[in-house]
Amino acid sequence: MQLQDIENARSLVGLFLQRADEQGDKPFLTAKIGGTWTPVSYAEAARQVCLLSEKLVAMGLNPGDRVMLVSENRPEWVIADLAIMAAGCITTPAYTTNTEGDHCHILDDSGTRAVVVSNSKLAQTLFAAMWRAGRAEHVIAIEGISNAQSGRFTIHQWKDQVTGDAEAARAAVEQRIAGVTRDDIACIIYTSGTSGSPRGVMLHHGAILHNCIAAAELLENDFGWEEERFLSFLPMSHALEHTAGVYLPMGLGADIWFAEGLDKLSSNLEEAQPTFMIVVPRLFELLRGKIIKAVEKQGGAAGYLLDKAIAMGERQIAGKRSLKDIPTGLMLNFTLRPKIRKSFGGRIKALVSGGAPLNPEVGGFFQAMGLVMLQGYGQTETAPVVACNHPSAGIRLNTVGPPLRGVEVKIADDGEILVRGECVMKGYWQNPEATKAALPDDWLHTGDIGHFDESGRIVITDRKKDIIVNDKGDNIAPQKLEGMLTLQPEIMQAMVSGDKRPYMVGLIVPDAEWMKSWARENGHNGTSAEELRALPELQKAIKAAIDRTNKDLSVIEKVRKFTLADEPFTVENDQMTPTLKIRRPFIREKYQERLDALY
């Protein structure tokens, strides 16, 4: 595969059509349909992209019009995204977990004229928002939505939009995209909104293509290329999955398989046998917990080796490899590592973590288990990757690696990370004030605080706006503390607080499985979760977990007191973004009185 093709491409659609001609009947998009993994070839995907593109034009859509895309990960998502761009329009992806208000904001803010939606369940929330917004004129329904439901807008069936004269459609698309440049807007991706309404990030073709070529070169240099397969799990409306999970594999001529969801991820990994997978840190934390519990149940030698592996991982994080790691590694090669690799499909070359900070202990665990863990860093505003760990640069999981080729990074006087390069967005859609704040000069002001290590790798310490300043003026990074707390088996989620206060306090969500186990062991079977949280004995057990964490924290970082949350932080209760980041302002709004009472 010629990586130079990605470097020289003028548009994502142009690159896709080139790959489709080269790959022909090779699988491109594979999903489980009726219990069977069913591929869509590159050639078939190109046929549908061109036909759908012409149907969009026939609906009266003009170059630059916005088309909203509301769907779970599936082949039609990718085909629709490419077809929208092939029609000269701009995709505005939306999360399937969006509320009616979220959809309404995007519809209003973007001025969407048409919508692609996958099924009737997602259409319920979407249609309610469309009636409120009153903007969109057309809906393309992938499945399960009757035309009888149409009213203010016209409903078109997907199957009717991918039929017709494919050759004529291809010719029309090629003529249209000949005028597209790398500077033209490809999509408007709305940020996940940790502190307020999402803002529309305008990403141009060149930004995404730049990310793809830089990432492709990095992967090729360290892993080489064979028949690559990516397992798509993160929502494709997320900038990381959109670029690295769709357009990077497309540029490489790779095969993309679509996971069926978290509950079936384990079986999907074994069936798909991917070579690469991109996941947010929270999933790695969950997988680590499951693996540890499974090994601990075996006891004996397995438990002994697990302890050795964890200790080895901790030494690797600190850059303190030891000669005793050699026999440990050999033992692991014949015991735990083959089983762990098999659970990931057996062909995995690297796991990529992004979207939020990865706790080094979690990364070190998977490294010790023989899996290559690459932690990346970026933002939606950078399309999204800025930097990434990789073997040839020396993986240090307390860093996010060096900047990608063609990405300039510098540290401002106050520690803020600034980024410049083709990957940087054009600005926020119809929001000049926010654009000016983020791009006051030639540099994107990321809002992240960090520094370079001795080898030029970026170390992220926290979000600028999240930094806690105690009453003595000390700066404390909450994400570090929260990540360490959630490594304890008793704690599922945590948010720490302490701004302008004498010490740190925590809001803790106990792990549900641990609570059930604790209840059985302590004679509280049948006791509700609410009643369990009120028990002094359970709170004492949580305090013991916090005390274990405090042993590894400085005096100013130690969590002195805590209170328990009423329920987990979720997307549904607005306390977590769709990308599994906690929404501090929303959580504080609910629990501020309890947190204040801890002082």
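Computed from the coordinates by the stated procedures, all read-outs in this text should not be read as laboratory data. Computed from a prediction, not measured in an experiment: that's the story for all the values here. We place every Cβ from the backbone using ideal geometry, glycine too, and count neighbours over all the protein chains shown.
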Which distance in Å, rounded to a whole number, links the C-alpha centroids of region 297-343 and region 438-458?
-> 35 Å
Expressed as an acute angle from 0 to 90° and rounded to the nearest 10, what is the orientation of the C-alpha long axis of helix 512-521 relative to the principal long axis of the chain?
-> 30 degrees
Within the set of other residues whose C-beta is less than 12 Å from the C-beta of LEU219, count the net charge using Lys and Arg as +1 and Asp and Glu as -1.
-> -4
Using just the helices of the chain, give the 222 nm mean residue ellipticity in deg cm²/dmol: DSSP H runs with n ≥ 4 each add -39,500 (n - 2.57), and the total is spread over all residues, rounded to 500.
-> -12000 deg cm²/dmol
Potential lengthening between LYS290 and SER517 on full extension [0.36 nm per residue; Cα-Cα distance subtracted] = 80.3 nm
Quick one: how many lysine pairs does region 177-332 have with C-alpha atoms less than 17 Å apart and a gap of 8 or more or different chains? Give me the count, please.
-> 5
Expressed in angstrom and rounded, the centroid-to-centroid distance over alpha carbons for region 228-296 and region 364-407 is 16 Å
At LYS26 and TYR304, where each label point lies 7 Å from the Cα along Cα→Cβ, what is the point-to-point distance in nanometres?
-> 4.8 nm
Helix 100-110 sits off the longest principal axis of the Cα atoms of the chain, rounded to the nearest 10 on a 0 to 90 degree scale, by 50 degrees
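Express in nm, to one decimal, how much length is gained between GLU433 and LYS264 on full extension, taking 0.36 nm for each residue of separation and deducting their alpha carbon distance.
On the way: separation 169, 0.36 × 169 = 60.84 nm, distance 4.35 nm.
Working it through step by step, the gained length comes to 56.5 nm.
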Summed side-chain charge close to ALA171 - residues other than ALA171 whose Cβ falls under 15 Å, Lys, Arg +1, Asp, Glu -1 | -2
Provide the percentage of antiparallel DSSP beta bridges, counting only those with both residues in the chain; round to the nearest 5.
-> 50 percent
Lys and Arg at +1, Asp and Glu at -1: add these up for the other residues within a Cβ distance under 14 Å of PRO432 and post the number.
-> +1
How about region 423-523: which GluC sites (Glu not before Pro) there lie in a loop by DSSP and see at most 15 other Cβ atoms within 10 Å?
-> GLU454
Overall form of region 175-289 per C-alpha gyration tensor (a/c, 1.5; a/b vs b/c) | oblate
Please work out the FRET efficiency for the pair ASP499 and GLU589, using the Cβ-Cβ distance as r and a Förster radius of 25 Å; give the result to the nearest 0.05.
-> 0.95
Report the label-to-label distance for GLN124 and GLU226 in nanometres (one decimal), using points 7 Å from each Cα along the Cα→Cβ vector.
-> 4.5 nm
Rounded to the nearest 10, the angle in degrees between the Cα long axis of helix 120-133 and the longest principal axis of the Cα atoms of the chain comes to 80 degrees
Sequence of VAL280, VAL115 once ranked by neighbouring C-beta atoms within 10 Å, starting from the fewest = VAL280, VAL115
Subtracting the Cα-Cα distance of ALA178 and GLN157 from 0.36 nm times their residue separation yields 4.7 nm
Ranked from fewest to most other Cβ atoms within 10 Å of their own Cβ, ILE491, ILE185 fall in the order ILE185, ILE491
Report the FRET efficiency, 1/(1 + (r/R0)^6), for ASP547 and GLN273, where r is their Cβ-Cβ distance and R0 is 51 Å, rounded to 0.05.
-> 0.75
Round to a whole angstrom and tell me the spacing of the C-alpha centers of region 510-560 and region 196-210.
-> 42 Å
Sorted by Cβ density within 10 Å, fewest first, the residues MET85, MET492, MET250 = MET492, MET250, MET85
Evaluate the relative contact order of the chain (contact order divided by residue number), counting alpha-carbon pairs under 8 angstrom at least 6 apart; express in whole percent.
-> 11 percent
